[in-house]
Amino acid sequence: MNFLPESQRERINCYRVLDDDGGTIYSSRFQEVSKELALKMYSNMVTLQIMDTIFYEAQRQGRISFYLTSNGEEAINIASAAALSAQDIVLPQYREPGVLLWRGFTLQEFANQLFGNKLDYGKGRQMPIHYGSNRLNYFTVSSPIATQLPQAVGAAYSLKMDKKKACAITYFGDGGTSEGDFHAALNFAAVTEAPVIFFCRNNGWAISTPTAEQFRSDGVVTRGQAYGIRSIRVDGNDTLAVYSAVHTAREMAITEGRPILIEAMTYRVGHHSTSDDSTKYRPADEMEHWRTARDPVSRYRKWVQGNGWWCDTQESELRNNVRQELISVQLLQAIQVAERMPKHGLAELFTDVYDQMPSNLREQERSLLDTIKKHSAEYPADVPV
Ligand SMILES: Cc1ncc(C[n+]2csc(CCOP(=O)(O)OP(=O)(O)O)c2C)c(N)n1
């Protein structure tokens, strides 16, 4: 039932900071969380869950071409975002839209990107879920796995040179650690003492490849130590532990001028994306176990409720309100507005890279226009030529 090796399973009920010489500095020292912050985190987790359901269904209805959910990783998304400051620079993978949600990206902004319309900041050049926001210090998602890691080291180093009290954080999955860029980035960060947090969401799967087929080390956390980087392993389904780990990592990164690696143990509850059917390669009872018994949202709710800050009536009110708000007002409206909004013209495909378009691109543009003329029936009517 549990895909984790025994050694990793024992450790995930707390978080512990491992020094680069292998010793434990301390463990399980949780940060205080006020009632206001606790409830804000909870309502963002619920919003993320419901937003995912609605966009996922919009994809199933054929209204958008692609989607992927953060199911099971809501604590990682929201609690890590809550422990950062707005000046910290985020370089995401793609399963962290909750960080953007926390920072104030609107449902309309999410929908504009998913539909690739005129208001999409990426001008419709990217697949759905490649969000980005200059305003919110959130780099645009890059499809090639792990390329954001060395970039994050550069961003963190620039913060250090400018003596800013901020860090860079980069998110990636266990699959990202199998890329050369992971190793280059860790070494580069260690020697430049860049204030960067490497946040690995170890969710057990890289599409259909389980971690056991990716590495034989004790997870990812030991690799940080191998590069001389202080590293933290944390239960990624425990909201308070994730919040504390990122809070601690941020303090150490900024005040001590050093990179930190966090390995958050979790599980990808949904399929990899709408292009995947994970029942083909993993047992249904494993998925069901993590969806129900290990769900980070209901687990966190128990803690909030145990503090007397929450009750069943508030729970059903919140869920009804968020669902109502998202379905009847904001999200469906956002989807309809985004759908009706015109797309960018074809010429935009060739702008923003070169000041003077080079001859090979001019040739490609000519050839594309010829092909469209020949096969105009195949060309989408809503994209101006
Ligand atoms: C360099 C590169 N190789 C392969 C792919 C295809 N690909 C897309 S997502 C993915 C799995 C990544 O898994 P992981 O990093 O564990 O993240 P998760 O999807 O589990 O959140 C792969 C192999 C890619 N996008 N880029």
One can check that the equivalent ellipsoid of the chain, built from the alpha-carbon gyration tensor with semi-axes equal to the square roots of five times its eigenvalues, has lengths in Å, largest first, of 35, 27, 20
With +1 on the Cβ of every Lys and Arg and -1 on the Cβ of every Asp and Glu, the dipole magnitude of the stretch 244-290 about its Cα centre, in debye rounded to the nearest 20, is 180 debye
Counting only DSSP beta bridges fully inside the chain, the antiparallel percentage to nearest 5 is 30 percent
Among Lys40/Lys164; Lys165/Lys302; Lys40/Lys165; Lys123/Lys373, the pairs whose Cα-Cα distance exceeds 32 Å are Lys165/Lys302
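Only Cα pairs under 8 Å and at least 6 apart count here; give the relative contact order of the chain as a rounded whole percent. Before the final figure, lay out each step's value.
Values: 659 pairs, mean separation 84.7, N = 385.
Relative contact order, the chain: 22 percent.
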With +1 on the Cβ of every Lys and Arg and -1 on the Cβ of every Asp and Glu, the dipole magnitude of the stretch 71-197 about its Cα centre, in debye rounded to the nearest 20, is 500 debye
Whole-Hz Karplus couplings 3J(HN,Hα) for the stretch 177-193, θ = phi - 60° and coefficients 6.51, -1.76, 1.60, Gly and Pro as x, run 6, 8, 8, x, 4, 4, 5, 4, 5, 5, 5, 4, 5, 5, 6, 8, 6
Dividing the mean separation of Cα pairs under 8 Å (6+ apart) by the residue count of the stretch 65-154 yields a relative contact order in percent of 31 percent
With +1 on the Cβ of every Lys and Arg and -1 on the Cβ of every Asp and Glu, the dipole magnitude of the chain about its Cα centre, in debye rounded to the nearest 20, is 440 debye
Checking rank on 69-79, 30-40, with mean other Cβ inside 10 Å and highest first, the result is 69-79, 30-40
Applied in sequence order to the stretch 278-287, the curve 6.51 cos²θ - 1.76 cosθ + 1.60 (Karplus, θ = phi - 60°) yields integer Hz couplings, x standing for Gly and Pro, of 6, 5, 6, 10, 9, x, 4, 5, 5, 5
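Just so you know, all these numbers are worked out from the coordinates, no wet-lab data involved. Note that the structure is predicted; figures quoted are calculated from it, not measured. All Cβ positions, glycine included, derive from the backbone under ideal geometry; neighbour counts span all protein chains shown.
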